[in-house]
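Enquirer: Below is a structure I'd like to ask you about.
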Amino acid sequence: MESDAALMERSLVATAPREPAMRAALFERFLARYPDHRALFMHVEATSQRMTSEALGWMLGLAQDESWVWSQIAELVFQHRNYGHFPAQEYADFVDMAIDALGEAAGDDWDAPADAAWRRQAQALNTLIARAISEWTASPLPFP
């Protein structure tokens, strides 16, 4: 049986030629769901590249059991306070939309095992995000 990391890597390779269209579809959905967030982006194209790359990279890192993922998630949540309060569900929605867009872009190269691998790692990522929100909220530092 292929590991989650191998399944995920295979789907990323398959999607690479269609990555700009995948990102565009992701952000179209995300901003349709959260239209008030559009004002937070000075340049959607630039931000979309980073947000998409980071989200997919964190899930792949989790699949590879990389220890660096937690520190980046904790910092992401802390830094996002500059834009207001984002509940864990908003992060989870973005992650789910990213996987949906990735699967659509992969086309025939997407299958149930790849989808399941991404969804397992999304669950792990969402758990880390919720943990970071909880820890920052409980910290003595000001956190909305």
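The values are calculated or read from the model by the stated rules, or taken from the named source; none is laboratory data. A quick note: this is a predicted structure, and the numbers were derived from the prediction, not measured. Ideal geometry is used to build each Cβ from the backbone, glycine not excepted, and the neighbour counts take in all protein chains shown. Calculation scope for accessible area: heavy atoms of the full protein, side chains included, ligands and nucleic acids excluded. Shrake-Rupley method; radii C 1.70, N 1.55, O 1.52, S 1.80 Å.
Enquirer: For the stretch 1-71, state the semi-axes of the equivalent ellipsoid (square roots of 5 times the eigenvalues of the alpha-carbon gyration tensor), sorted largest first and rounded to whole angstrom.
Expert: For the stretch 1-71, the ellipsoid semi-axes come out as 26, 15, 10 Å.
Enquirer: For the chain, what is the calculated [θ] at 222 nm in deg cm²/dmol (nearest 500), taking -39500 (n - 2.57) for each run of four or more DSSP H residues and dividing by its residue count?
Expert: The helix contribution divided over the chain gives -25000 deg cm²/dmol.
Enquirer: Please calculate how many Å² of accessible area the chain carries per residue, with a 1.4 Å probe and no DNA, RNA or ligand atoms counted.
Expert: With the other protein chains kept in place, the chain gives 54 Å² per residue.
Enquirer: Dividing the Cα convex hull volume of the chain by residue count, how many Å³ per residue is that?
Expert: Considering the Cα atoms of the chain, their hull volume per residue is 102 Å³.
Enquirer: What is the sum of charges, Lys and Arg at +1 and Asp and Glu at -1, for the other residues whose Cβ falls under 12 Å from the Cβ of residue 122?
Expert: Once all neighbours under 12 Å are counted, the net charge is -3.
Enquirer: Which ³J(HN,Hα) values, rounded to whole Hz and listed in residue order, are derived for the stretch 22-31 from phi using the Karplus coefficients 6.51, -1.76 and 1.60 in 6.51 cos²θ - 1.76 cosθ + 1.60 with θ = phi - 60°, glycine and proline given as x?
Expert: Each residue of the stretch 22-31 in turn: 4, 4, 4, 5, 4, 6, 4, 5, 4, 6 Hz.
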